[in-house]
Each structure stands twice: as structure tokens, then as C-alpha cells.
Amino acid sequence: MTTLAISTSSPALSIALVDGPKVLARHHDVIGRGHAEALVPRVAALLAGRRPDRILVDVGPGSYTGIRIGIAAARALGLAWGVPVHGLSALALVAAQAFASDPALACVWALIDAGRGQVAGARLGPDLLAGGHGLVAGPADDGVALAGAGAALWGRAALHGDHPDAAMAGRVPAAALLPPQALYAGD
């Protein structure tokens with residue numbers, strides 16, 4: 001089953017066409033702003049005439065505007081193509097990258113830059129189910145590895161300091177999928 005994955009919740013514009021964990025095509029570029037103008041042309045270029053069987057969209061937490069842009073585009077494309085649209089957490093994408101780089105991890109703190117100097121995150125296991133997400137007040141000194149761009153705000157080393165990467169969507173199990181509705185850091 002081919003999946004178009006879209007992540008616009010961070011400064012990165014990240015899209016990928018995946019078949020399970022296999023990445024068929026990928027675009028990941030830190031653009032800061034301009035997701036609305038860049039997303040659909042980049043999707044068209046990435047797909048090169050192919051049509052996915054489903055769409056997964058990053059529903060946050062992250063940039064309020066970025067989340068809304070990604071969800072609106074995913075829903076519109078899903079309606080136009082007649083394919084299902086599901087959400088996935090930005091934190092699951094961050095954690096999936098950590099588990100891909102070190103499968104021996106028992107769990108990881110997935111952290112994103114929530115803006116205004118705040119960090120949003122959750123502690124996730126290999127099942128990528130976030131029991132809770134939200135703003136995180138300070139570094140977790142529990143011996144659990146950190147992953148994601150949010151760790152840099154604490155001046156802490158992380159397994160990777162990347163923004164959510166759509167190419168990791170194929171590693172997110174069905175049980176971790178969400179409705180295509182915004183998930184904000186303060187929720």
C-alpha cells in the first residue's frame with residue numbers, strides 16, 4: 001500500500017511516498033515559512049503522476065498554521081483522489097527516526113520546538129503510542145534518550161536533532177494513527 005505522508009508542523013516541509021518502511025520518494029527541506037505556497041507543487045513533483053492508496057498527515061503538536069496547512073491539503077487531496085486520510089503525531093515521526101537509528105532503545109523522549117522558547121514532547125516506546133503529549137517544562141533526567149529539534153532548546157544532546165520527517169510515516173503502526181484533526185501543544 002503506497003502512502004503519501006505530509007509533515008508541515010515544523011519549519012521543515014517534509015513529504016514522502018512510502019510503501020511500509022520503504023521510502024519510494026522523499027522531499028525534506030527546512031523552509032521556515034511558506035508551507036502553503038510550496039506544499040502542493042512539491043507533492044505533485046514528488047508523486048510524478050503516481051496516486052497513493054492513502055494519505056498520512058502530521059497533526060502536531062507544532063506550528064498552529066503549519067498543522068492547519070497540512071491537514072487542509074491532505075483532506076483536499078484525499079477527497080479528490082478518493083483515498084483515506086489519517087493523522088499521525090509529529091512526536092511519533094520524531095521517535096520513529098530514533099528507533100530506526102537505534103532499534104535497541106526501550107523508549108525515547110520525542111521533543112519538538114513548540115515556539116516561544118517552549119518544548120512539546122512525550123515519552124514513547126517502540127509502539128510509538130504517546131500516552132500524553134504537551135509542553136515539557138525542562139530536561140528529563142531519567143536516563144531516557146532525547147530525540148528531535150526540541151532538545152536543542154534545553155542545550156541537550158539528542159540522538160537526532162531533526163524536525164519530523166515524513167519518510168518515517170511508514171514505520172508508524174496502524175494503532176498509532178489518529179483522526180486528521182489538529183493536535184496542538186497546549187491541548
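Considering only residues that are under 19 Å from Pro52 (Cβ atoms) and of a type in the set (S, T, N, Q), look in segment 8-39 and name the one that is surrounded by the fewest Cβ atoms within 10 Å (Cβ to Cβ).
If we take residues in segment 8-39 being under 19 Å from Pro52 (Cβ atoms) and of a type in the set (S, T, N, Q), then Ser14 is surrounded by the fewest Cβ atoms within 10 Å (Cβ to Cβ).
Does at least one position in segment 125-132 carry a residue that is touching a strand residue (DSSP E or B) at 6+ places or on another chain (Cβ under 8 Å) and not small (Gly, Ala, Ser)?
Checked segment 125-132: no residue is touching a strand residue (DSSP E or B) at 6+ places or on another chain (Cβ under 8 Å) and not small (Gly, Ala, Ser).
Criterion first (among the small types (Gly, Ala, Ser), touching a Ser or Thr at 6+ places or on another chain (Cβ under 7 Å), at pLDDT below 95 and outside any helix (DSSP H, G or I)) does Ser10 satisfy it? Give the steps one after another, and end with the answer.
Numbers: among the small types (Gly, Ala, Ser): yes; touching a Ser or Thr at 6+ places or on another chain (Cβ under 7 Å): yes; at pLDDT below 95: yes; outside any helix (DSSP H, G or I): yes.
Criteria met by Ser10.
When you scan segment 55-76, how many residues do you find that are over 16 Å from the mean Cα position of the chain (by Cα) and free of Cβ contacts under 8 Å to residues at least 60 places away in the same chain? Please lay out each step first, then the result.
Going residue by residue through segment 55-76, those that are over 16 Å from the mean Cα position of the chain (by Cα) are 75-76.
Right, trim to free of Cβ contacts under 8 Å to residues at least 60 places away in the same chain and you get 76.
Residues meeting the conditions: 1.
Determine if segment 20-37 includes at least one residue that is closer than 22 Å to Ala130 by Cβ, free of Cβ contacts under 8 Å to residues at least 60 places away in the same chain and small (Gly, Ala, Ser).
No, there is no match, as no residue in segment 20-37 is closer than 22 Å to Ala130 by Cβ, free of Cβ contacts under 8 Å to residues at least 60 places away in the same chain and small (Gly, Ala, Ser).
Restricting the first residue to segment 77-97 and requiring it to be closer than 16 Å to Ala130 by Cα, which pairs with a second residue that is of a type in the set (Gly, Ala, Ser) and assigned to a loop (DSSP other than H, G, I, E, B) meet a Cβ separation below 6 Å and a spacing of at least six or different chains?
Close Cβ pairs (under 6 Å, with a partner that is of a type in the set (Gly, Ala, Ser) and assigned to a loop (DSSP other than H, G, I, E, B)) amount to Ser89/Ala130; Ala90/Ser9; Ala90/Gly60; Ala90/Gly62; Leu91/Ala130; Val94/Gly148.
Return only the number of the condition from (1) of a type in the set (D, E, K, R); (2) assigned to a helix (DSSP H, G or I); (3) within 14 Å of the chain's Cα centre (by Cα) that Arg42 does not satisfy.
Status for Arg42: all satisfied but (3).
Residues checked against (1) among the polar types (S, T, N, Q); (2) modelled with pLDDT under 95; (3) touching a strand residue (DSSP E or B) at 6+ places or on another chain (Cβ under 6 Å):
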residue	(1), (2), (3)
Arg75	no, no, yes
Leu79	no, no, no
Ala95	no, no, yes
Phe99	no, no, no
Gln118	yes, yes, yes
Arg123	no, yes, yes
Gly134	no, yes, no
Asp142	no, yes, no
Leu159	no, yes, yes
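Can you tell me which condition Gly132 does not meet? The list is (1) free of Cβ contacts under 8 Å to residues at least 24 places away in the same chain; (2) closer than 24 Å to Ile15 by Cβ, and all the others hold.
Only one criterion in (1) free of Cβ contacts under 8 Å to residues at least 24 places away in the same chain; (2) closer than 24 Å to Ile15 by Cβ is unmet by Gly132, namely (2).
If you check Ile112 against the conditions, is it out of contact with any Gly (no Cβ under 7 Å at 6 or more places or on another chain) and under 25 Å from Gly32 (Cβ atoms)?
Numbers: out of contact with any Gly (no Cβ under 7 Å at 6 or more places or on another chain): no; under 25 Å from Gly32 (Cβ atoms): yes.
So Ile112 does not fit the description; no.
Looking only at segment 47-63, decide whether some residue is assigned to a helix (DSSP H, G or I) and not aromatic (Phe, Trp, Tyr).
Initially, segment 47-63 is screened for residues assigned to a helix (DSSP H, G or I), giving 47.
From what is left, the residues that are not aromatic (Phe, Trp, Tyr) are 47.
Yes, that holds for at least one residue.
The values are calculated or read from the model by the stated rules, or taken from the named source; none is laboratory data. Because the structure is predicted, anything quoted here is derived from the model rather than measured. Cβ: placed from backbone, ideal geometry, glycine included. Neighbour counts: every protein chain shown.
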